[in-house]
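> Following this message is one structure expressed as structure tokens.
The numbers here are math on the coordinates, done by the rules we state, and not lab data. What you see is a predicted model; the values in this text were computed from it and never measured. As a convention, Cβ positions derive from the backbone with ideal geometry for all residues, glycine included, and neighbour counts pool all protein chains shown.
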Amino acid sequence: MLEKYMEEQNLVTTVLQKSLKNDKLVQAYLFSSDDIDYIYKYAKDFSKDIIGLSGLPSETLENIYKRIDKDEYTELKVVEPDGNTIKKSQLIELQNSVSTKPVEANKIIYIIKNCEKLNSSSANCILKFLEEPEDDIIAILLTDNINMVLPTIKSRCQILNFKNNNSNKMTNILFFVGLDITDEDKEKFIHNSIDFLMNIEKYKINTMIKVKKLAYDVYKTSDDFLILCNILLYMYDDCIHYKVKDEINYMNDYKEVIDEICSLNDIESLGKKIKIVENVKNELGLNANMKLLFDKLIIELSEV
């Protein structure tokens, strides 16, 4: 199944095919890419290759493969965010569902989409799973923002970085929040978000009144605020990549802005700011008061 990816994902595919051939699969993988849908499809094809090692008759395998394509195979579990986070209750349900031995094939496989959205509670729930893996269970975690994945999660997985796939990354970033918005609105959100960010970066708390007015005028719904958070996260993520590897993954049209932010921050500060935005984003998913969250975001970013 993975052979078809050899040209576009040569390194990752070679590593996994070698593991399959030598029966050296690890218990937990972390796939990182800018395109979560792409690596989800890849993970399902990888799962087919794992199940293909079970020695089942070809007709039985074909039936399983078809059910995997339709998301109907019960021994391939998929967890994805419920709103802005992956909740502890989802992980408890997952643990209960894989507590029995596989019936149809040789392995039970579970995929966690957007694992960077595990909060501290749900992450602790899955850590024991990763620390004490069963031989017949394989985890495949997926992320489109590797910097936001908890270190305790990353340390327990084999990390595989995929070549970037999206041709229009900014469009896809905005679509990640599940919103269908016009190109004109996208440009407006990007412009205002960068204006919001640069005022904080340059003038800190002294710009509180101006930035609050901008925030209240532009970001009127929780979906609007979510777009702001996502743009800030990707901007700061690009700043880290630019400082470390001299490359920009997402905001290529805003190199001058990234240059300026990088000149005002070291990597540690950028990491702290990513954590602040992510925490505010998580609180937004818990229906916290938006105006209080705006104040919190502005004050905490200003203090770093």
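> Which net charge results when you count Lys and Arg as +1 and Asp and Glu as -1 among the other residues whose beta-carbon is under 13 Å from that of Asn106?
On the way: positive: Lys48, Lys101, Lys107; negative: Asp23, Asp49, Glu75, Glu104, Glu134, Asp135, Asp136.
Once all neighbours under 13 Å are counted, the net charge is -4.
> Here is a follow-up. Would you look at the GNM of the chain, springs on alpha carbons closer than 10 Å, and say which of Asn282, Asn96, Asn161 moves the most?
Among Asn282, Asn96, Asn161, the largest mean-square fluctuation in the Gaussian network model of the chain belongs to Asn96.
> With axes computed from alpha carbons, what is the tilt in degrees of helix 36-51 against the longest principal axis of the chain, rounded to the nearest 10 within 0 to 90?
20 degrees
> Against the longest alpha carbon principal axis of the chain, how many degrees, from 0 to 90 and to the nearest 10, is the axis of helix 267-284 turned?
80 degrees
> For region 262-304 and region 1-69, what is the separation of their Cα centres, given in Å?
37 Å
> Sticking with this one: With a cut-off of at most 11 other beta carbons within 10 Å, and DSSP calling the residue loop, which GluC sites (Glu not before Pro) in region 232-304 qualify? Please list them. All intermediate terms of the calculation are to be shown ahead of the outcome.
Details: sites: Glu247, Glu256, Glu260, Glu268, Glu278, Glu283, Glu300, Glu303; in loops: Glu247.
Within region 232-304, the qualifying GluC sites (Glu not before Pro) (loop, at most 11 other Cβ atoms within 10 Å) are Glu247.
> Where does helix 208-218 land angle-wise versus the long Cα axis of the chain, in degrees 0 to 90, nearest 10?
Helix 208-218 sits at roughly 60 degrees to that axis.
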